[in-house]
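The values are calculated or read from the model by the stated rules, or taken from the named source; none is laboratory data. Computed from a predicted structure; not experimentally measured. Glycine also receives a Cβ, built like all others from the backbone with ideal geometry; neighbour counts cover every protein chain displayed. For the accessible areas, the whole protein counts, side chains as well, though only heavy atoms, and no ligand, DNA or RNA atoms are used. Shrake-Rupley method; radii C 1.70, N 1.55, O 1.52, S 1.80 Å.
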Amino acid sequence: MKKYTRVFAEIDLDAICFNMESMKRNLPQKTEMIGVVKADGYGHGSVPIAGAISPYVKGYAVATAQEALLLRRHGIEKPVLILGPVHESYYEELILHRIRPCVFTMKQAEALSRKAVSLGQTADFHLVVDTGMSRIGMEADEAGADLAVRICSLPGIRAEGLFTHFARADETDKIYAERQLGRYLYFVKLLGERGIEIPIRHCANSAGIIDLIGTGLDWVRAGISIYGLYPSDQVNKSRAELRPAMALKSFVTYVKDIEPGRQVSYGGTFEAKAPMRIATIPVGYGDGYPRNLSGRGFVLIQGQRVPILGRVCMDQMMVDVTGMGQVDTDTPVTLIGRDGAERIRVEDLAEWSGGFHYEIICDVGKRVPRVYLRAGQVVGTKDYFDDEYPKMR
Ligand SMILES: *Cc1c(COP(=O)(O)O)cnc(C)c1O
């Protein structure tokens, strides 16, 4: 296995399984989990994550047709649901791979129906109802229910599921999420009155799973919590213990002493007031490391928290190692994760940079290989640099 010497993201598959177990304990026996692996598994790698969580999930959810097809290409056979609108030009491929698109307009439904009929197949899809997010979905009212009736009467397609999405389930005050759940159940009732029973009903995201909103339906959709992060600081963390799965690690590439008055990095935003020893680290915003951590973030070296000096560059940054013992080329650096008693959480980076924890993990770049661990052993790697273009030379 290749040894990565610049930067890599370590993904602890045992933590992923621990998180699935933790969530499962919150759910009624009959409620199935769906693993949300959109955005390349929130930056963790959708295919290996889908494999790792397979024993715990009924199926997977992604955001785009390409993401769904990628899972199929890698031999993942459980149901895959696409949570966002998909262009009609993908419908044939989706039908052939038994990937469920979401549907909420007559135009989408008719296109899917036409394609299914022409292929001589039945296409399963999930209806989306808008209960307060105002993003996608039919209205949760009589007109919406009438639209659902017309959609469900089309040939060649079958509404396998009905879902909505909570906008504020991660807040202390659950009144908004409860109101959305109420609207969802009202819509289910309206459909029932029109003779439509949709087999699979699902509302809950990670916040719902942790704080028990919408978990009594058929499925729940676990996203951020798979990866060991809480959706927010306001959920009841004691209800589901989670372990962050991703660590971001690098190595010092250069160490030098500088005199007072020396400026560090672009714009000279840091100037040494005294003699200092600084280390260069080969990670920057080109790796998805937030530039907003310039002069604000920290990394761990030899179990110590050391500050970033001046601006984070595209590919490198400098940190203060003054007064530390033996820091040299190849000394390990932890940007996310533990080193000794110290720890930097994804949430810390979000706070220091004024960013959002979901975004930090999604943004870990293609230049950063992912290394998968089980019981501390490397069991696989995902390297984004193995493309081949033999016909383009
Ligand atoms: C992303 C997404 C989820 C997962 O949300 P988390 O907060 O990560 O659990 C669930 N449902 C829908 C529709 C989504 O878009």
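So the values come out like this:
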{"read-out": "MRE, 222 nm, helices only [DSSP H, n ≥ 4, -39500 (n - 2.57), over the chain, to nearest 500]", "value": "-7500 deg cm²/dmol"}
{"read-out": "Among 277-289, 217-229, the order from most to least packed when residues are scored by Cβ within 10 Å on average", "value": "217-229, 277-289"}
{"read-out": "Centroid-to-centroid separation of the stretch 322-383 and the stretch 242-316 [C-alpha atoms, Å]", "value": "13"}
{"read-out": "Summed side-chain charge close to Asp14 - residues other than Asp14 whose Cβ falls under 9 Å, Lys, Arg +1, Asp, Glu -1", "value": "+1"}
{"read-out": "Candidate aspartates and glutamates for bridging to Lys115, where Cα separation is under 18 Å - those fewer than 8 sequence places away on the same chain excluded", "value": "Glu88, Glu92, Glu93, Asp124, Glu160"}
{"read-out": "Distant-in-sequence amide H partners of Leu248 (H built 1.01 Å from N, under 5 Å)", "value": "Glu10, Leu335, Ile336, Gly337"}
{"read-out": "Mean accessible surface per residue for the chain, computed with a 1.4 Å probe while every protein chain stays in place, in Å²", "value": "46"}
{"read-out": "Between the stretch 100-117 and the stretch 177-200, the Cα center-to-center distance that results, in Å", "value": "21"}
{"read-out": "Candidates Ile200, Ile34, Ile210: whichever shows maximal mean-square fluctuation once the chain is modelled as a Gaussian network with Cα springs under 10 Å", "value": "Ile200"}
{"read-out": "Relative contact order %, the stretch 11-85, counting alpha carbon pairs below 8 Å whose residues are six or more apart", "value": "29"}
{"read-out": "Portion, in percent, of the accessible area of the stretch 230-277 that falls on carbon or sulfur, probe 1.4 Å", "value": "47"}
{"read-out": "Nearby lysines by direct alpha-carbon distance to Lys256 (threshold 24 angstrom, same-chain neighbours under 8 apart not counted)", "value": "Lys273"}
{"read-out": "Within straight-line cross-link reach of Lys249, lysines at Cα separation under 29 Å, skipping those fewer than 8 residues along the same chain", "value": "Lys2, Lys3, Lys38, Lys237, Lys366, Lys382"}
{"read-out": "Portion, in percent, of the accessible area of the stretch 1-125 that falls on carbon or sulfur, probe 1.4 Å", "value": "52"}
